[in-house]
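Below you'll find the structure, written out as structure tokens, and then a few comments.
The values are calculated or read from the model by the stated rules, or taken from the named source; none is laboratory data. This one's a predicted model, so the numbers in the text were calculated from it and none came from an experiment. Cβ placement follows ideal geometry from the backbone for every residue including glycine, while neighbour counts extend to all protein chains displayed. What goes into the accessible areas is simple: the full protein's heavy atoms, side chains included, and nothing from ligands, DNA or RNA. Shrake-Rupley method; radii C 1.70, N 1.55, O 1.52, S 1.80 Å.
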Amino acid sequence: MLLWIGVSEMLVDNSNSGNIQFKTHTGISRSFPVSAFKMVSQVMDSMREKAEIYVGETECQKRAIQLLDEFDIPRGLLPLDNIVEIGLVPSEGFIWLRQKKKKDHYFEQIGRSVSFAAEVTAFIEPRRMKKVTGVKAKELLLWIGVSEMLVDNSNSGNIQFKTHTGISRSFPVSAFVLWVIYCMTKRPMPISEIHKELRQKKKKKDHYFEQISRSVSFAAEITAFIEPRRMKKVTGVKAKELLLWIGVSEMLVDNSNSRNIQFKTHTGISPSFLFQLL
């Protein structure tokens, strides 16, 4: 309806129905299952004993990607980069992801904003996440909870999103592919393509940039979070400083007139080079 009605009483049924009855000042009475009002953390606490739990950003990042790959779900569907805990109950297919804080993300290719709470849960199965909590999508001026995400197994190549209000939307899978830079072909490719090609080559590549006198080693698999003029949380790239190989964690193109690229490493070293030299 379009009215806000004051609730005057809430009664937990002590029979086996497991319902809560809500009474209003207008005399309207509604009953709903108790399970609908459980806190997410309570649900997780009941499953922690039988769960596989991973902690730490690096480990969680790796495990999250593995899970999405295992269930044939696009990596970019959950663009979370500050996960501190992941739990998986294999017997139930129940997963949870905890972030340091909530994250809002704008999917440019579909023109949609999505908000991911600090705690996201779902029941996961091949090509499907159902009973999702902690994910909201913006429709016009409203934030609506997403309850299910289903990857179509036909040739349409779509992902269907269902909400708690009954609204259902489909978008192309390509909008949710995590993009990275593949150093051997010098072109951007979806992560699914890169995996296939790199597994065939099965080798890393070392390259010497003559104009900046630096050797760089590219592993057989490279991943990164990419945004305009920036690649962050890079894995699989190392640069040689004196006699040491140091992992590169970020590459940032300066948007001023200097036209420099800044490289940040895991050790804190941060050299810059002219864009045209690379």
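Apart from one condition, W179 fits all of (1) at pLDDT 85 or above; (2) open to solvent by 50 Å² or more (accessible area, probe 1.4 Å); (3) within 30 Å of V84 (Cβ to Cβ); the exception is (1). The condition of being modelled with pLDDT of 85 or more and within 19 Å of T58 (Cβ to Cβ) does not hold for E221.
Name the residue, out of V84, V177, V146, that is under 25 Å from E221 (Cβ atoms) and without any contact (Cβ under 8 Å) to a residue 40 or more places away in the chain.
Every option except V84 fails the conditions.
Applying a threshold of 9 Å to beta carbon distances and a minimum spacing of six or more residues, or different chains, the list of pairs starting in segment 97-112 at a residue that is open to solvent by less than 60 Å² (accessible area, probe 1.4 Å) and ending at one that is among the polar types (S, T, N, Q) and part of a loop (DSSP other than H, G, I, E, B) reads Q99/N82; K103/N82. Residues that are open to solvent by 80 Å² or more (accessible area, probe 1.4 Å) and of a type outside the set (D, E) within segment 47-64 comprise K50, V55, T58, K62, listed in sequence order. Counting only strands (runs of 3 or more DSSP E) that sit completely within segment 7-110, those holding 1 or more residues that are farther than 28 Å from W143 by Cβ and at pLDDT 90 or above correspond to 52-55, 83-89. If the condition is being at pLDDT 80 or above and in a loop (DSSP other than H, G, I, E, B), then segment 256-271 contributes no residue at all. Here F94 meets the list (1) aromatic (F, W, Y); (2) buried (at least 19 other Cβ atoms within 10 Å of the Cβ); (3) over 22 Å from D45 (Cβ atoms) almost entirely, failing just condition (3). For segment 202-216, the condition holds for no residue, the condition being that it is touching a His at 6+ places or on another chain (Cβ under 9 Å), under 30 Å from V151 (Cβ atoms) and either β-branched (V, I, T) or at pLDDT 75 or above (or both).
Taking the criterion of being modelled with pLDDT of 90 or more, within 20 Å of G93 (Cα to Cα) and either open to solvent by 40 Å² or more (accessible area, probe 1.4 Å) or not in a strand (DSSP E or B) (or both), the residues of segment 113-159 that qualify are E119, F123, E125, P126, R127, R128, K130, K131, T133, L150.
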